[in-house]
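Data first, discussion second: the structure below is written as structure tokens.
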4 protein chains.
Amino acid sequence: MDDATRTNAIHRLKSVAGHVNGIVRMLEEDRYCVDVIKQIQAVQTALGRVSETILDSHLRTCVTTAIRDDDPDDRERVLGEIMEVFRHSDKS
Amino acid sequence: MDDATRTNAIHRLKSVAGHVNGIVRMLEEDRYCVDVIKQIQAVQTALGRVSETILDSHLRTCVTTAIRDDDPDDRERVLGEIMEVFRHSDKS
Amino acid sequence: MDDATRTNAIHRLKSVAGHVNGIVRMLEEDRYCVDVIKQIQAVQTALGRVSETILDSHLRTCVTTAIRDDDPDDRERVLGEIMEVFRHSDKS
Amino acid sequence: MDDATRTNAIHRLKSVAGHVNGIVRMLEEDRYCVDVIKQIQAVQTALGRVSETILDSHLRTCVTTAIRDDDPDDRERVLGEIMEVFRHSDKS
């Protein structure tokens, strides 16, 4: 992954960790269940965005290099990995 | 996409269409809501599987060709398309 | 589920079946993989909407009746069913 | 939500925050993109489990109380909230 993507992902994940700690406090203060669930869903969405930016960078760097390369095993490996990531995200 | 994948996808989608018509009959017979919802979710899962097989074949054919090719616009296009497909499937 | 919801769901599912048959034709005409995948994803979205309307009606009819009723087993059953439906839809 | 569920959710969310900080370290150490994405997906799954336990408890407490109550606005509100939660989790 390129540096800008990594820096950006670190920044976003630190903010996600803060968000999760905020939800812990909501629970400690006995806040309304549905408000807690909505915050958890917001964190899931934020994490999805981070995955996307990393995957996008991954396709443009490692995957492109592996596919342009002449090692069929390597090519097979990166394509298999993309399918695994996709399968996890597509579950309905 | 390769021929085997296409033939397989056609076969599965015809079966999905039959499954959907079966759900229409369940509704006409006033079957229990939850049973209907579960069948709809099963169809969504089956469709996800078809998408996966097509994407897998797409990566090994069109995407590999475009990336190994020397047209940067073409490469950009196929990578952007994969991200669109991924974004749609990853929504939480 | 109420009659309006059932009629509406039947209508939408017939249209979904037509959409799926249209995707079969796209495959038979060897259309571009990504266009096929996008149509499959559109069908998944449409099915999600049908599930939602049925679940909404289910909550207002069967679930409300069972919870206001005095049979604890029945109450337990309907709540367990909602959780099952939710678990299937929430997979990331 | 009941106390056991809240205690359990706090515990799990603290562990999620730790997991997210671990992913930040993976990025700082420049670990392989796909390994990072898989860890993010694991966190999303863990969060989904927390939402489920809170929703389950919510149905058995607040929702059951509101539905057995005689205030139609309150009943309408809790059912609407469940649909919102469901809609967010069901996005394909």
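Rule-based calculations on the coordinates, nothing more; no lab input. Computed from a predicted model, the values in this text were never measured in an experiment. Glycine also receives a Cβ, built like all others from the backbone with ideal geometry; neighbour counts cover every protein chain displayed.
Assorted remarks:
- Wholly enclosed helices (runs of 4 or more DSSP H) of region D:4-92 bearing at least 3 residues within 14 Å of chain B (Cβ to nearest Cβ), small (Gly, Ala, Ser) and surrounded by 14 or more Cβ atoms within 10 Å (Cβ to Cβ): D:33-58
- Only residues that are under 14 Å from the mean Cα position of the chain (by Cα) and within 15 Å of residue D:30 (Cα to Cα) were counted across region A:54-78, and they come to 4.
- Summed over region C:37-67, residues that are free of Cβ contacts under 8 Å to residues at least 40 places away in the same chain and of a type in the set (Lys, Arg) total 2.
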